[in-house]
Amino acid sequence: MDTDRGLARLLPPPPEDERKDDADKIKERNILQVYLNKDDALMCGNDYISVDQLRDKAKEFIANVNNAENMPEKTQKNVEFFGTTLVSDKHVVSLQNDRGSSYQAYISVQNELVAAYNELRDELATEKFGVKYAELTDEQQKAVREIYPQRISEAEPKKYGEKKK
């Protein structure tokens, strides 16, 4: 992928405790691996899927409605407007693309991942407040984001099959 353009993305604040130890490592169940190869084929977890399927796969993973053991852990938190509830705050959607993947395919994957969060937030806002997420007050939006924090991690693009020097 060769471009000088990028995506406007607000990064989460750095962790308060910068120490790196074994307790900080992310458990495998909390990671959804998304890989876009040089041929623009998309792999989500261990399955090849179409870009059209990515949003639903991501929503299922992020929400983990049934708190399944093979899906992200949930944390019990007291969230304003919602009270004590289970929150999906340990998940990470890990996106990696090959340097040979097209910019259009990369943007399509990004759009679907962000749309997954937007839909989950809209669904929760509509269920709780009767309006879409964008229509909520700042405090209500913050509460919804606590339940569905956007956690997309992008790894540096790689070029596979390259000879070692």
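Going by the conditions given, is Ser108 outside any helix (DSSP H, G or I) and either of a type outside the set (S, T, N, Q) or within 18 Å of the chain's Cα centre (by Cα) (or both)?
no
Within the stretch 112-150, how many residues turn out to be farther than 22 Å from Thr84 by Cβ and either surrounded by 15 or more Cβ atoms within 10 Å (Cβ to Cβ) or touching a residue at least 60 places away in the same chain (Cβ under 8 Å) (or both)?
10
So, in the stretch 122-149, exactly how many residues are outside any helix (DSSP H, G or I) and under 16 Å from Ser88 (Cβ atoms)?
2
For the stretch 124-159, how many residues are within 14 Å of the chain's Cα centre (by Cα) and not aliphatic (A, V, I, L, M)?
Total meeting the criteria: 8.
Each value in this text was obtained by applying a stated rule to the coordinates, not by laboratory testing. Since the structure is predicted, the reported quantities are computational estimates derived from the model, not experimental observations. Positions of Cβ are backbone-derived with ideal geometry, glycine not excepted, and every protein chain shown enters the neighbour counts.
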